[in-house]
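A short worksheet on the structure shown next.
The values are calculated or read from the model by the stated rules, or taken from the named source; none is laboratory data. The shown structure was predicted, so the numbers you read here are calculated from the model rather than taken from an experiment. Here the Cβ positions follow ideal geometry from the backbone for every residue, glycine too, while neighbour counts run over all protein chains shown. Just the protein is used for accessible areas: all its heavy atoms, side chains included, with ligands, DNA and RNA removed. Shrake-Rupley method; radii C 1.70, N 1.55, O 1.52, S 1.80 Å.
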Amino acid sequence: MSSPAVLTRTIASRDSHRPTRPLRSSVLFSLLANGLPPLASLASAPILAQALGVDARGQVAAATAPLLLATAVATFGVPAAVTHFVARHPAIERSLVRGGSVLLLLTGVVTSLGVFAVSAVLADGEERLRGLLLLALLALVPTLMVGLLRAVAAGRHAWRCISAAQAITAFVRLGALTVLWSTGRLDVTSAVLVLAAAPVAGGIAYLSLARKGGVIRLEPTDAPPGLLALGSYGMRVWIGSIAGMILLRLDQTLLTPLSGVEQLGLYVVAASMAEVPLIITNAVRDVVFSADSARSDDARLLRASRLTTSLTGVAALVVAGAAPFALPRLFGPEFESALPVCLVLLLATVVGNSLAGIALSARGRPGLRSGALAVACLVNIALVAMLAPSAGALGAAVATLVANAVAGSITILTFSRLHGVSPLSFLALRPGDLQPLADAARRMSGRGVSASREVAE
């Protein structure tokens, strides 16, 4: 044999990666995984604010923000590439992990050196803050490696494992901060350590991936994607990720010089509420990307897109109904004027919700999705510059709405042209789409009745 035909792996067979449980079950665990981090962040926010005060809380944010940004930049799309190829070629997982580890180690070190070079500027010349920033930066490479393990778990469709990792992260973050606060030991340094280390601690859950032993005999034609293939796919995903990040956050950066800090404050509060329905979108997106990478299925994809759009719309309506009461009570009466901004941003969340873009990435065309996001990003920048000086936060929200509509339309039309499906099939709910939800509700109701009978007996 001219090429290796045997590869020792950490799973039992090629088919063990294929989705074995219904998509709705995977989405449920993915929903849990995507919902825990924001809930833990929301719960820990009052602890940090009360224990540290405004200035010290700002120092914690200044010390950890570069780590968050560096983590997003240093991935270079490698985790998405690993998920895609593990789901599509499960028999070569170990080679994919080795290649991904090399790439992430390289990008992590280079990014760390870059942040170190500008750390004095980021700390505004404050030596103590610079030290805290560099302390948090030590978690960059370990965080990237945990992200790689999550990518492998997603490629295996191991959503329970991912949920467990997110639960550990949330528990460590909230639990450690609570203990430190109650013992009077919560200060800037300890807070930075907890926030930087919590995601790394969650990686403990991924040790379970290595406990599934086995050997797979590969055909010589099953050559693994090399570093070039991983890097190429990852770079095309990464460009879209950066464009998406800019689309999500650049308007907040531009609002201060264009409209002032008061308008930025209104926008940030409105955005925090309007992003709640995104938990549903992100949960389905992760599952669909992995499942469609493993096996393309237009009917499954389109049904998932229609259900996700509908459920996100329902969630947006619930938030919109609660916003008039929640804004003044949770954030103060001065934020009551953020209501129109919140409503426009909720509409933007629903409009930009299609799964067409993630399906393009799953089917090996991530550059098309990245191109759509780049166009939307340019539209957003232009409209913010035009509308924000006169309309403030509301103008920035309208710009986001239009940009999301542009991105969603481009990806839907592109996918429809490539795969011969109707653009409306991504959005228009059909009667049969609700049957899986009805079945799930019926099963849950049956379990509840059975449990009640057991208790009564």
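Going through (1) of a type outside the set (A, V, I, L, M, F, W, C); (2) within 30 Å of VAL78 (Cβ to Cβ); (3) open to solvent by 40 Å² or more (accessible area, probe 1.4 Å) one by one, THR411 falls short only on (3).
Contact map, region 367-388: residues that are in contact (Cβ under 8 Å) with a residue 40 or more places away in the chain paired with residues that are charged (D, E, K, R) and crowded, with 19+ Cβ neighbours inside 10 Å, Cβ distance under 8 Å, separation 6+ or inter-chain. Pairs shown: GLY367/ARG236; SER370/ARG236; ASN380/ASP251; VAL384/ASP251; ALA388/ASP251. Inspect all residues belonging to region 366-373 and state whether any of them is of a type in the set (Lys, Arg), buried (at least 23 other Cβ atoms within 10 Å of the Cβ), closer than 30 Å to THR83 by Cα and in contact with a helix residue (DSSP H, G or I) (Cβ under 9 Å, 6 or more places away or on another chain). Yes: region 366-373 contains one or more residues that are of a type in the set (Lys, Arg), buried (at least 23 other Cβ atoms within 10 Å of the Cβ), closer than 30 Å to THR83 by Cα and in contact with a helix residue (DSSP H, G or I) (Cβ under 9 Å, 6 or more places away or on another chain).
Determine, yes or no, whether LEU148 is open to solvent by 50 Å² or more (accessible area, probe 1.4 Å) and closer than 19 Å to LEU67 by Cα. No. The condition of being at positive phi, of a type in the set (Gly, Ala, Ser) and open to solvent by less than 10 Å² (accessible area, probe 1.4 Å) holds for only one of GLY53, GLY77, that being GLY77. Checking the structure you have, find out if any residue of region 286-295 is open to solvent by less than 60 Å² (accessible area, probe 1.4 Å) and hydroxyl-bearing (Ser, Thr, Tyr). The answer is yes, given that some residue of region 286-295 is open to solvent by less than 60 Å² (accessible area, probe 1.4 Å) and hydroxyl-bearing (Ser, Thr, Tyr).
Selection of first residues in region 285-301 that are at pLDDT 75 or above and of a type in the set (Ser, Thr, Tyr) and of second residues that are in a helix (DSSP H, G or I) and open to solvent by less than 30 Å² (accessible area, probe 1.4 Å), restricted to Cβ pairs under 9 Å at least 6 apart or on distinct chains, gives the following pairs, ordered by first then second residue: SER296/ALA359; SER296/ALA362. Assessment of region 176-191 against the conditions (surrounded by 15 or more Cβ atoms within 10 Å (Cβ to Cβ), in contact (Cβ under 8 Å) with a residue 40 or more places away in the chain, aliphatic (A, V, I, L, M) and within 15 Å of ALA63 (Cα to Cα)) yields at least one matching residue.
The condition (being at pLDDT below 70, more than 26 Å from THR169 (Cα to Cα) and either aromatic (Phe, Trp, Tyr) or surrounded by 18 or more Cβ atoms within 10 Å (Cβ to Cβ) (or both)) is satisfied by just one residue among ARG14, ARG9, ARG88, ARG18: ARG9. In region 91-116, the residues that are free of Cβ contacts under 8 Å to residues at least 40 places away in the same chain reach residues that are part of a helix (DSSP H, G or I) and not β-branched (Val, Ile, Thr) with C-beta atoms within less than 7 angstrom, at least six apart or across chains, in these pairs: THR107/ALA74; GLY108/ALA74; GLY108/LEU140; GLY108/LEU144; PHE116/LEU134.
No other residue among ALA304, ALA374, ALA385 is closer than 19 Å to ALA428 by Cβ and out of contact with any Phe, Trp or Tyr (no Cβ under 8 Å at 6 or more places or on another chain) apart from ALA304. Filtering region 246-265 down to residues that are under 15 Å from SER337 (Cα atoms) and open to solvent by 60 Å² or more (accessible area, probe 1.4 Å), which residue is modelled with the highest pLDDT? Per the criteria, the residue is GLU262. Scanning region 314-359 for residues that are within 30 Å of VAL375 (Cα to Cα), crowded, with 18+ Cβ neighbours inside 10 Å and of a type outside the set (A, V, I, L, M) turns up CYS342, THR349, GLY352, ASN353, SER354, GLY357.
Given the structure, is ALA304 assigned to a helix (DSSP H, G or I) and either open to solvent by 50 Å² or more (accessible area, probe 1.4 Å) or at pLDDT 80 or above (or both)? Spelling it out, ALA304 is indeed assigned to a helix (DSSP H, G or I) and either open to solvent by 50 Å² or more (accessible area, probe 1.4 Å) or at pLDDT 80 or above (or both).
Taking the criterion of being aliphatic (A, V, I, L, M), open to solvent by 60 Å² or more (accessible area, probe 1.4 Å) and part of a helix (DSSP H, G or I), the residues of region 91-134 that qualify are VAL102, LEU105, LEU106, VAL109, VAL110, LEU113, ALA117, VAL121, LEU122.
In this structure, is LEU32 modelled with pLDDT under 80, within 23 Å of ALA170 (Cβ to Cβ) and open to solvent by 40 Å² or more (accessible area, probe 1.4 Å)? When the stated conditions are applied, LEU32 passes them. Look at GLY364 and say whether it is out of contact with any Leu (no Cβ under 8 Å at 6 or more places or on another chain) and not in a helix (DSSP H, G or I). Spelling it out, GLY364 is indeed out of contact with any Leu (no Cβ under 8 Å at 6 or more places or on another chain) and not in a helix (DSSP H, G or I).
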